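Just so it is clear, none of the values below were taken in a lab; they were calculated from the coordinates. Keep in mind it's a predicted model, so treat the numbers as computed, not measured. As a convention, Cβ positions derive from the backbone with ideal geometry for all residues, glycine included, and neighbour counts pool all protein chains shown.
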Amino acid sequence: MAKNTMEKRKARREKSERNMNRAVLLLTAGLVAEWYLLMVDRYYARGTVSQVVTWYDALGVLVWVGLAALAAGVVLLVLRARKPWFARLGAVLAACGGFFAFSSMLMRQFYPAGVMAMCVLVPVLLLLGIVYLFYQAEFSLQATALAMGIAALVLLGRSSSLTARACAVLALLGIAALLACALLLKKRGGVWKRGEREVRVLSAKADYRLALGVPALCLVLVLVALVAPAVAFYATWVLSLAAFALAVYYTIRLM
């Protein structure tokens, strides 16, 4: 019994150290990405005409560079069985390539709103990554649904354009997918089955009232805001308060 307890403590300590190292890497990458985006905002979104033209051409080149890096990263990930370091290098290339390709296309296509969107998106993804590393899996699911819901409501509250409504519909589909996953996991006891392999996604003590209720609340509020955009402002506050309350609740559960 004592040996099993010591092994469990050692496993928890190793997992905690591993997550801490990943969080540091994630934070570093997020800060570098945000610094780059702030430079783009300064010299592209709010720059002079010559600066805007130069950055527009540079972003066009970065799209292709990013796609090439993404393809190379995928190839290395496929070949990771041959060399152990293929997986790490492939993950770095794929992440960097995907970031530059996606952000460059978005910022070129939607000027200057795309720059602001990326400046907001990176900190949100950074926060979600930290939640995923340190908190319970059910909170990660709820936080993702809340992030998509709040983003959709902010867009609907600021603009009634077709683009804003299309983004809100995409957020709705994402929230609906999370809700469907939560329902499936509840049916299977928190275990995700892939062929003969079983992976525990949610703990056996997961509170499915929250795991199902939070995405459902996001879904309803975004749907209402699509029909009546004037509700979006108040719905944003509802989801923001829910996110704060959940963060406090799950933090207490960690103690």
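Quick look at the numbers
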{"read-out": "19 Å reach of a label modelled at residue 160, 7 Å along Cα-to-Cβ, counting backbone N of segment 228-242", "value": "228-236"}
{"read-out": "Chain lengthening between residue 61 and residue 39 when straightened (0.36 nm per residue, less Cα-Cα)", "value": "6.2 nm"}
{"read-out": "Calculated [θ] (222 nm, deg cm²/dmol) that DSSP helices of n ≥ 4 give over the chain, each run adding -39,500 (n - 2.57)", "value": "-29000 deg cm²/dmol"}
{"read-out": "Amide hydrogen neighbours beyond the local backbone of residue 200, cut-off 5 Å, H modeled", "value": "192"}
{"read-out": "Over segment 71-216, equivalent-ellipsoid semi-axes from the Cα gyration tensor in Å", "value": "28, 26, 13"}
{"read-out": "Sequence ranges 128-139, 88-99, ranked by mean other-Cβ count within 10 angstrom, highest first", "value": "128-139, 88-99"}
{"read-out": "Pair-distance profile P(r), taking every C-alpha pair of the chain, with 5 angstrom steps and integer %", "value": "1, 6, 10, 12, 14, 17, 15, 12, 7, 3, 2, 1, 0, 0, 0"}
{"read-out": "Percent RCO, i.e. relative contact order, over the chain, from Cα pairs under 8 Å lying at least 6 residues apart", "value": "17"}
{"read-out": "Calculated FRET value between residue 192 and residue 111, using beta carbons and R₀ = 45 Å, to 0.05", "value": "0.65"}
{"read-out": "Cα gyration tensor shape of segment 136-255, rounded if a/c is under 1.5, else prolate or oblate by comparing a/b with b/c", "value": "oblate"}
{"read-out": "Gyration tensor (alpha-carbon) shape descriptor, segment 58-134, a/c threshold 1.5", "value": "oblate"}
